[in-house]
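The values are calculated or read from the model by the stated rules, or taken from the named source; none is laboratory data. Not measured: the values here are computed from a predicted model. Cβ atoms come from the backbone with ideal geometry, glycine included; neighbour counts cover every protein chain shown.
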Amino acid sequence: MSEHNDFHRISRLPPYVFEEVNKLKLELRRGGADIIDFGMGNPDLTPPKHIVDKLCETVSKPNVHRYSTSRGIPGLRRACAAYYQRRFGVELDPNSEVVATLGSKEGFANLAQAITAPGDLVLVPEPSYPIHAYGFVIAGAALRQIPAHDPEAYLRGLHDAAASSTPPPRAAVVCYPSNPTAQTATLDFYREVVELAKRFDLMILSDLAYAELYFEEKPPSIFEIGGAKDVAVETISLSKMYSMAGWRVGFAVGNQRMIAALARVKSYLDYGAFTPIQVAACAALNGPQDYLDEMRATYRRRRDVLIETFGDAGWDIPPPAATMFCWAKLPPALEHLGSLEFARRLMIESQVAVSPGVGFGPAGEGYVRLALVENRQRIRQAARNLKEFLKAPGAKAAE
């Protein structure tokens, strides 16, 4: 039997570019290399103590080890609704407009399963976080990928695609602050997206995973636009807010029909997160929020050190306005390598790991993504390694 070739959905998925980089990273580490890893957006900070304490307190209770509920416990859905009211001035019904998910990635993938049929056309940004496209591919949908290096270009592309595609598209994805480009969007952007959705009968899936990781203006929610609930669902996550990535807690909120569809799909697939985790997530959302300022300050300091020291080493990287990522063009002398080969050589020669832009779609070629998940001392060391790497790019490229 040929490997995977007879599995229809697997055959529609391209090779996972990041797997090649991760294999090399593991191989080098086994050989004793100290890899400074900017590759995966995996927070290295720890959650606030009161959240961990609530988990420990709850897990010791005898009645919390049974199955939970796939929609999320009522208190957690209420906490999410309270967060939206406090942060965005948006009212949500916790019973009909909120579903707790196992992180926003699971919510996004199961939402794709819930609202699309095989052959439906979906408009997705490129470059983009892979689940935005391939969640729909796994669900059997067809994709039209729209260039998204900035929100204005993406909006124009959405309009053109919605007006000209056959069959008409069923849904469109927006993701701001963006992973991987770190671009942000305004309320005017969302206003036009909602108008577009109503004009062309589109469902909108908005990914707001980086709502609290910003350095300039606070990122808005699509639901700050009147009428957005008629057409949109938004996913949001505690992974980056409170450094709870491994806890797998997020939400999908918004349009009641889509939320009900997601809840029904989830009812067949899971029983929700472990109840003590959900209780601790309530403590995160309802408790003191000063951690968010501390978290943003930490990432800002790292961002600033990386921009300064990498610039001094010879690689100018634009400072992101939000997210935990920098999205950078390859150094001019090494553009000919392409993003995957550049990432390989950078890791081998400099012990610095980055994510190749092509892993986020063909439009990501020529770029890499750097996650701000190493401390400032390690960032400075990476810059020193980088400087040596860039001294003789032609020689290293020819090896």
Original post:
When you look at Leu213, is it out of contact with any helix residue (DSSP H, G or I) (no Cβ under 6 Å at 6 or more places or on another chain), surrounded by 21 or more Cβ atoms within 10 Å (Cβ to Cβ) and closer than 21 Å to Ala114 by Cα, yes or no?
Top reply: no
Original post:
Are any residues in segment 67-82 out of contact with any Phe, Trp or Tyr (no Cβ under 9 Å at 6 or more places or on another chain) and either modelled with pLDDT of 95 or more or surrounded by fewer than 14 Cβ atoms within 10 Å (Cβ to Cβ) (or both), and if so, which ones?
Top reply: Ile73, Pro74, Gly75, Arg78, Ala79, Ala81, Ala82
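So is Ala81 over 29 Å from Ser355 (Cβ atoms) and of a type in the set (A, V, I, L, M) or not? Working first, answer last.
Details: over 29 Å from Ser355 (Cβ atoms): yes; of a type in the set (A, V, I, L, M): yes.
The answer is yes for Ala81.
Name every residue in segment 38-66 that is in contact with a strand residue (DSSP E or B) (Cβ under 7 Å, 6 or more places away or on another chain) and at pLDDT 95 or above, in order of residue number. Lay out the reasoning, then the answer.
Step one: of segment 38-66, the residues in contact with a strand residue (DSSP E or B) (Cβ under 7 Å, 6 or more places away or on another chain) are 38-41.
Passing the criteria: only Phe38.
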Original post:
Given the residues Met258, Met295, which is the only one that is closer than 26 Å to Glu374 by Cβ and of a type outside the set (Phe, Trp, Tyr)?
Top reply: Met295
Original post:
Looking at segment 343-395, which of its residues are of a type in the set (Val, Ile, Thr) and farther than 20 Å from Pro318 by Cβ?
Top reply: Ile348
Original post:
So is Ala228 modelled with pLDDT under 95 and outside the structural domain of Val358 (by TED's automatic domain parsing) or not?
Top reply: no
Subject >> Complete set of residues in segment 73-90 that are among the basic types (Lys, Arg) and farther than 16 Å from Gln289 by Cβ >> reply: Arg77, Arg78
Subject >> Hits in segment 155-185 (condition: among the hydroxyl-bearing types (Ser, Thr, Tyr) and assigned to a loop (DSSP other than H, G, I, E, B)) >> reply: Ser165, Thr166, Tyr176, Ser178, Thr181, Thr184
**OP:** Might you check whether a residue that is within 29 Å of Gly31 (Cβ to Cβ) and of a type in the set (Asp, Glu) occurs anywhere in segment 336-349?
**Re:** yes
**OP:** Tell me which residues, restricted to segment 359-379, are touching a residue at least 12 places away in the same chain (Cβ under 8 Å) and surrounded by fewer than 19 Cβ atoms within 10 Å (Cβ to Cβ).
**Re:** Pro362, Glu365, Gly366, Asn375, Arg376, Arg378
Subject >> Residues (out of contact with any helix residue (DSSP H, G or I) (no Cβ under 9 Å at 6 or more places or on another chain) and either outside the structural domain of Phe88 (by TED's automatic domain parsing) or buried (at least 23 other Cβ atoms within 10 Å of the Cβ) (or both)) located in segment 177-190 >> reply: Pro177, Ala182
**OP:** Look at segment 93-116 and say how many of its residues are over 18 Å from Leu269 (Cα atoms) and surrounded by fewer than 24 Cβ atoms within 10 Å (Cβ to Cβ).
**Re:** 4
**OP:** Output the number of the condition that Gln85 fails; it satisfies all remaining conditions of (1) farther than 30 Å from Pro320 by Cβ; (2) free of Cβ contacts under 8 Å to residues at least 12 places away in the same chain; (3) not aliphatic (A, V, I, L, M).
**Re:** (1)
**OP:** For segment 265-358, please list each of the helices (runs of 4 or more DSSP H) lying entirely inside it that holds at least 2 residues being of a type in the set (Gly, Ala, Ser) and surrounded by 19 or more Cβ atoms within 10 Å (Cβ to Cβ).
**Re:** 275-286, 339-350
Subject >> Among the residues listed as Val193, Val249, the single one being without any contact (Cβ under 8 Å) to a residue 60 or more places away in the chain and buried (at least 23 other Cβ atoms within 10 Å of the Cβ) >> reply: Val193
